[in-house]
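One structure is given here, and the rest of the page talks about it.
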Amino acid sequence: MAKSFTTMAGAALLLACGAAVAQLGNGGGTYAGVDKVNLNPPAIVASHMDNAQLVLNADAKLLGAVGLNDAAAQATAAAGTLSADATRAQIEEALKVQSDSGHALEQKLAAKAELSDTAKLAFSSAVGDLARGLTAEASMARDLAEVRKTLKPGGGAAASAIYLSKALPGSVKDLGETLRAAVAYAKANNIMLPQAATEALNQL
């Protein structure tokens, strides 16, 4: 595992909303706050919030591109409520909206939605964002799986980090299914696919 975060480094990570310093699944690094020696639950939560906002905003763009404007608005609203110090309840709600958004998109794509050229460009861009969010969440899920037993029960960020260690694998699976549906639709409709989409799917 990568070197332990010092107290100062942990604080800097938290101020930066727990941005990932590296991904364990891609080079042996460690995700922000995920370290077997010095776990930092607030940074873990903050990192997930960054990822969740990226995914929800990508969902909103994808839903808007296929004409599901109400669902897109819901995803946008959910993304706007997230913060680095989100509670477990807020994390659960965000994951629910994320799951609902993915299922709605998959159903619409299965119905062979027709997109304008402008919508196709928006769709392509959003697929890249979704892929990057999936890659980040998958890396965090793998890291948390390694340190789950080290997480100490408690309130606040500690409880949220423990919840994420259990919930993220299922969320990543759902995201993967949504991305696969979006990629299949893009290929069938001559929509350019960002490299990030292929890279994300190859990691699942």
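Rule-based calculations on the coordinates, nothing more; no lab input. Note that the coordinates shown come from a computational prediction; the quantities given were computed from them, not determined experimentally. For neighbour counting, all protein chains shown are included, and Cβ atoms are generated from backbone atoms with ideal geometry for every residue, glycine included.
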Length gained, Gln195-Ala89, 0.36 nm per residue minus C-alpha separation, equals 34.7 nm
Hz values of 3J(HN,Hα) by residue in segment 81-92 - Karplus curve (6.51, -1.76, 1.60), Gly and Pro given as x: 8, 7, 8, 4, 10, 4, 7, 4, 4, 5, 5, 4
Under a crude label model (7 Å from the Cα following the beta-carbon direction), how far is Ala73 from Ala110 in nanometres? 2.6
Expressed in whole Å with the largest first, what are the equivalent ellipsoid semi-axes of segment 112-175 derived from the C-alpha gyration tensor as the square root of 5 times each eigenvalue? 35, 11, 9
Just how far, in whole angstrom, is segment 160-204 from segment 65-102 if you go by their alpha carbon centroids? 16
Which loop-located GluC sites (Glu not before Pro) does segment 100-204 contain, where loop means any DSSP state but H, G, I, E or B and the Cβ has at most 11 other Cβ atoms within 10 Å? Glu114
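For segment 28-143, which semi-axes, largest first and in whole Å, follow from the square roots of 5 times the eigenvalues of its Cα gyration tensor? Let's see the in-between values first.
On the way: eigenvalues 169, 45, 22 Å².
Working through the eigenvalues yields semi-axes of 29, 15, 10 Å.
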Length gained when the stretch Lys173-His103 is fully extended (0.36 nm per residue, less Cα-Cα span): 24.0 nm
